[in-house]
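See structure below.
The values are calculated or read from the model by the stated rules, or taken from the named source; none is laboratory data. Source: prediction; values computed, not measured. Note that we place each Cβ from the backbone using ideal geometry, even for glycine, and neighbour counts take in every protein chain shown. Just so you know, the surface numbers come from the protein's heavy atoms only, side chains and all, with ligands and any DNA or RNA stripped out. Shrake-Rupley method; radii C 1.70, N 1.55, O 1.52, S 1.80 Å.
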Amino acid sequence: SNVALIVLILLTMFRVNAQENASLINNYLKQQLELNEWLQSDISDWYPSNSYLDKSSGITYTYINQRYHNIIVFNGVSSIAIKDNKVVSFAPVFISHLERKVNADKPVISAADAIGFAMRNINGKEISSLNLISKDEATNTFTFDGSDYSDHDIKVQLVYQPTEKTVLLAWNVSIEVR
């Protein structure tokens, strides 16, 4: 019971720290709007992809993905270093005026259809059926049982793929074909 109490206390501390950092990051991003020529919509829907504390320096490194309509921008990962409740370093990778550059926010084909398309283009094989194992709403990631086609489960994520002038809605398919 003492162990459970300690775990509960640590989880509560982590949750409070994450919320404080989210607020700090939001405020910092708002301060950067004009400097980076961003719109409010460019920074309002970011998603924390990873965060860790470097105990030797006391710096928390947080990586955030730019999102639009809850869809992650592929490779749109910015890094933020926080120490003593202040941003000490920021490396932005946000696309400015993103809403003007995206081509769509609803996919034309399903995640399963994207896997079928990938399989036909990789090895010319058709897939007969796929079983959905899980769906992560926060990242628009679907995991399918890949045992008939792959050495591992097949992951598919709805993303925005930046190009030179536009940002395309796409499926990122991760499959290890046998």
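Report, in degrees rounded to the nearest 10, the 0 to 90 angle that the Cα long axis of helix 111-123 makes with the longest principal axis of the chain.
It works out to around 60 degrees.
Starting from 0.36 nm per residue, how many nanometres of slack lie between TYR61 and PHE90 once their C-alpha separation is accounted for?
Working: separation 29, 0.36 × 29 = 10.44 nm, distance 0.98 nm.
That works out to 9.5 nm of additional length.
Average the reciprocal distances over every distinct pair of alpha-carbons in the stretch 72-176, invert the result, and give the Kirkwood radius in Å.
Details: mean 1/r = 0.0634 Å⁻¹.
In the stretch 72-176 this quantity evaluates to 15.8 Å.
Note down the accessible area of SER128, probe 1.4 Å, to the nearest 10 Å².
Per-residue accessible area (SER128): approximately 110 Å².
Computed over the Cα atoms of the stretch 13-118, what is the ratio Rg over Rh, Rh following Kirkwood? Mind showing how you got there, number by number?
Numbers: Rg = 16.0 Å, Rh = 15.2 Å.
Checking Rg against Rh, the ratio lands at 1.05.
Report ³J(HN,Hα) in whole Hz for each residue of the stretch 82-87, in order, from the Karplus equation J = 6.51 cos²θ - 1.76 cosθ + 1.60 where θ = phi - 60°; Gly and Pro get x.
10, 9, 6, 6, 9, 6
How do 153-166, 65-78 rank on mean C-beta neighbours within 10 Å, highest first?
Values: 153-166: 17.1, 65-78: 19.9.
So the order, starting with the most tightly packed, is 65-78, 153-166.
Between ALA111, GLN157, LEU132, whose Cα lies farthest towards the positive end of the dipole of the chain when Lys and Arg beta carbons carry +1 and Asp and Glu beta carbons carry -1, centred on the Cα centre?
GLN157
For the chain, report the accessible area per residue in Å² (1.4 Å probe, heavy atoms, rounded to an integer). Before the final figure, lay out the partial values.
On the way: 10960 Å² over 178 residues.
Here the per-residue accessible area is 62 Å².
Placing unit charges on C-beta atoms (Lys and Arg positive, Asp and Glu negative, everything else neutral), compute the dipole magnitude of the chain about its Cα centre in debye, rounded to 20. It would help to have the intermediate numbers written out before the result.
Working: 15 positive and 19 negative charges, 45 e Å.
About 220 debye.
Within the stretch 36-140, report the GluC sites (Glu not before Pro) that DSSP leaves as loop and that have at most 15 other Cβ atoms within 10 Å. Walk me through the numbers on the way to the answer.
Working: sites: GLU37, GLU99, GLU126, GLU137; in loops: GLU37, GLU126, GLU137.
In loop regions of the stretch 36-140 (DSSP not H, G, I, E or B), the sparsely surrounded GluC sites (Glu not before Pro) are GLU37, GLU126, GLU137.
Compute the relative contact order of the chain as a whole-number percentage, counting only Cα pairs closer than 8 Å that sit 6 or more residues apart in sequence.
Details: 285 pairs, mean separation 27.5, N = 178.
RCO, the chain: 15 percent.
Could you please state how large a percent of the accessible area of the stretch 19-60 is carbon and sulfur, counting protein chains only and using a 1.4 Å probe? Write out the running numbers ahead of the final one.
Working: 1230 of 2660 Å².
With neighbouring chains kept in place, the figure for the stretch 19-60 is 46 percent.
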